[in-house]
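Student: Pasting in a structure now, in structure tokens, and then I'll have a few things to ask.
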Amino acid sequence: MYKRDIIDEFAAKGLLSKDLENELVAQCRDISPFDAILSKGIPLDTTLKVMGEYYGLPVSHIDALEIDRKLLEKFSKINLEKNKFLPISLVGNVMTVALCDPTDFISLSSVKAVHHGKVKYILVDEAQLMSRIKRLAAATSAQNVISDLNDTVAEEHTETAEILNSPAVVLVDSLIKEAISLKASDIHIEPFEKTVRVRYRLDGALRDRAEFPVDSYPAVCARLKILSGINIAEKRIPQDGHFSITADNIEYDFRVSSLPTVNGEKFVVRILDKSSFGFTRKELGFTKDENEVVDKILAHPHGIVLLTGPTGCGKTTTLYSFLRELNKEEVNIVTVEDPVEYTLHGINQTQINPKANLTFANVLRSILRQDPNIVMIGEIRDEETAQIAIRAAITGHLVFSTLHTNDAPGSIVRLMDMGIESYLVADAIVAVIAQRLVKKLCPHCKRKVTTDAAQMAMLKLDSPAEIYEPCGCRYCNGTGYKGRTAVHEIMYVDDELRLAINNRAYHEDLQALAVKKGMTPLWDACRKLVLDGTTSLAELISIIGEE
């Protein structure tokens with residue numbers, strides 16, 4: 001009877017038709033009402049809200065809940081994943097539990113089988129719940145190994161067999177799994193005089209994870225070197241390596257870099273999810289107006305399109321999203337990269353190898369003999385590569401590449417400083433897109449404030465306005481920010497700008513002319529995100545600065 005009641009609740013709110021009601025009641029013989037309702041296309045957040053109201057249960061984001069780690073020890077990871085629940089806290093005889101389906105009696109019974117007292121339930125998103133369970137398991141494993149290392153300092157190992165059996169091996173594996181679950185982009189392992197520090201890069205910022213005794217570090221170094229194919233005996237020079245693993249049926253690629261320091265070798269491990277690349281322009285932060293300009297840019301049959309900005313601002317990711325759009329049966333796309341970060345089906349990707357004389361310039365010459373329509377060059381680093389790229393653009397190829405400059409007009413000046421004639425730059429350039437990544441305020445704890453006189457001056461406001469500032473909560477790990485978005489400065493080169501480039505106009509003149517033609521400077525693009533509550537004024541100043 002309860003099945004009909006909950007389905008009637010959705011119908012009463014206008015979410016289900018009469019025909020669907022009867023169909024769902026029949027469907028509930030095989031699956032739970034929750035799953036049956038979701039199967040009809042009703043959004044998950046709406047389903048959780050209605051279910052919460054019907055059963056009198058609160059709805060929350062799982063990362064906003066503080067987990068009692070001691071309580072968690074009573075439950076196995078297999079039990080939590082199989083029955084889809086997570087214990088949150090135990091106060092007296094009352095246990096609070098997060099679960100995703102209040103109509104799943106198997107899940108409810110599995111909780112009662114362990115705790116015979118009163119249970120309070122909180123509804124959460126299933127994907128978020130399962131992700132949190134994996135993260136907690138990985139963190140517990142890593143913490144246990146670190147505790148072992150702190151209690152009993154491992155002796156330095158010299159035999160490979162001993163190294164593979166050491167606690168340090170388990171530590172490296174645990175850190176990798178935890179970093180994956182946290183969606184970290186990098187792991188930093190840094191030796192100091194007495195301890196080794198581990199940090200993860202999350203949303204562009206490094207966060208401390210753990211410390212362990214430096215006496216255990218040789219085994220950790222050996223494990224990383226064995227994994228990534230680095231010379232285990234060489235400690236005096238920087239080395240690079242890589243390895244791949246599969247976790248939860250997802251393949252990850254890891255780029256490992258070692259650097260000798262006064263206290264030993266520092267390692268940075270870059271994490272790449274090889275199967276997850278599927279960003280759309282909207283997900284990358286392009287606005288409606290910007291997309292209209294990008295549509296014009298991508299419609300060009302030849303010319304060069306440059307992305308510019310500092311390291312780590314997402315230039316390559318944006319280029320990949322463009323290539324995915326242009327990847328069609330009748331088009332031959334070839335790339336030369338250092339390294340190939342994501343594998344794109346249907347696109348021919350080449351990684352440079354200076355030891356084999358596969359430089360950007362040498363590979364690019366060979367690529368142009370491969371009958372390409374579109375060429376992507378990971379980075380223009382020198383005059384030779386710039387010359388070949390420009391000439392390829394002029395001779396009928398659409399070329400994409402990156403440069404390191406502060407803004408879009410600066411790329412024009414940089415190319416001419418590299419020795420490219422102004423008339424060649426003017427003829428070849430289609431557009432330059434400058435990009436930055438901006439941290440987004442945590443939606444759970446951001447605080448509304450009214451701008452004071454100094455803030456009004458920075459934001460160029462005539463009257464006070466409401467903006468938001470970071471606070472910090474469990475959901476955002478106390479940082480005040482959760483996730484990032486990109487801001488762009490798109491300089492589309494029309495005839496008037498082409499003439500100015502040909503006449504070797506100064507940077508300031510190119511900037512003014514581009515703004516006159518409709519370009520939104522990076523500062524103004526980020527300012528809009530401050531005023532609409534997406535990011536903070538402090539983030540605007542730290543990323544782009546004050547004008």
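Student: Quick one: how many residues across the range 250-265 are under 19 Å from the mean Cα position of the chain (by Cα) and either open to solvent by 60 Å² or more (accessible area, probe 1.4 Å) or over 16 Å from residue 177 (Cα atoms) (or both)?
Tutor: Of the residues in that region, 1 qualify.
Student: Here's a follow-up. Take the residues of the range 1-21 that are out of contact with any helix residue (DSSP H, G or I) (no Cβ under 9 Å at 6 or more places or on another chain) and at pLDDT below 80: which is farthest from residue 44 (Cα to Cα)?
Tutor: Ranking the qualifying residues of the range 1-21, first place goes to 1.
Student: Would you check which residues across the range 395-417 are open to solvent by 10 Å² or more (accessible area, probe 1.4 Å) and touching a Leu at 6+ places or on another chain (Cβ under 7 Å) and list them?
Tutor: 407, 414, listed by residue number.
Student: State whether the residues of the range 53-61 include one that is at pLDDT below 85, within 32 Å of the chain's Cα centre (by Cα) and farther than 22 Å from residue 7 by Cα.
Tutor: no
Student: Take the residues of the range 472-489 that are assigned to a loop (DSSP other than H, G, I, E, B) and either within 17 Å of residue 532 (Cα to Cα) or small (Gly, Ala, Ser) (or both): which is least open to solvent (accessible area, probe 1.4 Å)?
Tutor: 480
Student: If you go through the range 459-469 one residue at a time, do you hit one that is closer than 30 Å to residue 202 by Cα and buried (at least 20 other Cβ atoms within 10 Å of the Cβ)?
Tutor: yes
Student: If you don't mind, there's one more thing I want to ask. What residue, among those in the range 272-289 that are open to solvent by less than 30 Å² (accessible area, probe 1.4 Å) and touching a strand residue (DSSP E or B) at 6+ places or on another chain (Cβ under 6 Å), is nearest to residue 183 (Cα to Cα)?
Tutor: Filtering first and then ranking leaves 272.
Student: Please verify whether residue 88 is open to solvent by 50 Å² or more (accessible area, probe 1.4 Å) and either without any contact (Cβ under 8 Å) to a residue 40 or more places away in the chain or of a type in the set (S, T, N, Q) (or both), treating the condition exactly as stated.
Tutor: So residue 88 fails the test.
Student: Given the options 510, 499, name the one that is on the phi < 0 side of the Ramachandran plot, open to solvent by 60 Å² or more (accessible area, probe 1.4 Å) and of a type outside the set (Lys, Arg).
Tutor: After applying the criteria, what remains is 499.
Student: Only residues in the range 74-85 that are on the phi > 0 side of the Ramachandran plot and part of a loop (DSSP other than H, G, I, E, B) count as the first member; pair them with residues that are modelled with pLDDT of 85 or more and surrounded by 18 or more Cβ atoms within 10 Å (Cβ to Cβ), Cβ under 6 angstrom, at least 6 apart or cross-chain, and list the lot.
Tutor: Filtered contacts from the range 74-85: 84/100.
Student: Count, please, the residues in the range 282-317 that happen to be free of Cβ contacts under 8 Å to residues at least 24 places away in the same chain and either in contact with a helix residue (DSSP H, G or I) (Cβ under 7 Å, 6 or more places away or on another chain) or within 25 Å of residue 184 (Cβ to Cβ) (or both).
Tutor: Looking only at that region, the number is 2.
Here's the yes/no breakdown for (1) in a helix (DSSP H, G or I); (2) among the small types (Gly, Ala, Ser); (3) free of Cβ contacts under 8 Å to residues at least 60 places away in the same chain:
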residue	(1), (2), (3)
10	yes, no, yes
16	no, no, yes
22	yes, no, yes
51	yes, no, no
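Student: Output the residues belonging to the range 351-387 that are over 24 Å from residue 411 (Cβ atoms) and surrounded by 19 or more Cβ atoms within 10 Å (Cβ to Cβ).
Tutor: None; the set is empty.
Student: I'd like the full set of residues that are in a helix (DSSP H, G or I) and open to solvent by 10 Å² or more (accessible area, probe 1.4 Å), limited to the range 93-113.
Tutor: Answer for the range 93-113, where residues must be in a helix (DSSP H, G or I) and open to solvent by 10 Å² or more (accessible area, probe 1.4 Å): 105, 106, 108, 109, 110, 112, 113.
Student: Further question: Please list, ordered by residue number, the strands (runs of 3 or more DSSP E) wholly in the range 244-346 having 2 or more residues that are among the charged types (D, E, K, R) and at negative phi.
Tutor: Of the strands (runs of 3 or more DSSP E) lying wholly inside the range 244-346, those with at least 2 residues that are among the charged types (D, E, K, R) and at negative phi span 250-261, 264-273.
Student: Looking at the range 421-440, which of its residues are aliphatic (A, V, I, L, M) and modelled with pLDDT under 95?
Tutor: Of everything in the range 421-440, those that are aliphatic (A, V, I, L, M) and modelled with pLDDT under 95 turn out to be 437, 438.
Student: So residue 505 clears everything in (1) touching a helix residue (DSSP H, G or I) at 6+ places or on another chain (Cβ under 7 Å); (2) crowded, with 18+ Cβ neighbours inside 10 Å; (3) more than 17 Å from residue 534 (Cβ to Cβ) except one condition, right? Which one?
Tutor: Unmet for residue 505, out of (1) touching a helix residue (DSSP H, G or I) at 6+ places or on another chain (Cβ under 7 Å); (2) crowded, with 18+ Cβ neighbours inside 10 Å; (3) more than 17 Å from residue 534 (Cβ to Cβ): (1).
Student: Kindly indicate whether residue 71 is farther than 23 Å from residue 133 by Cα and open to solvent by less than 50 Å² (accessible area, probe 1.4 Å).
Tutor: no
Student: From the list 245, 297, which one is touching an Asp or Glu at 6+ places or on another chain (Cβ under 8 Å) and either modelled with pLDDT of 90 or more or surrounded by fewer than 19 Cβ atoms within 10 Å (Cβ to Cβ) (or both)?
Tutor: Just a single option satisfies the conditions, and that option is 245.
Student: Scan the range 452-472 for residues that are polar (S, T, N, Q) and either more than 13 Å from residue 536 (Cα to Cα) or touching a strand residue (DSSP E or B) at 6+ places or on another chain (Cβ under 6 Å) (or both) and jot them down.
Tutor: 463
The values are calculated or read from the model by the stated rules, or taken from the named source; none is laboratory data. On a predicted model such as this, the values are computed, not experimentally measured, just so you know. Positions of Cβ are backbone-derived with ideal geometry, glycine not excepted, and every protein chain shown enters the neighbour counts. Heavy atoms of the whole protein, side chains included, go into the accessibility calculation; ligands, DNA and RNA do not. Shrake-Rupley method; radii C 1.70, N 1.55, O 1.52, S 1.80 Å.
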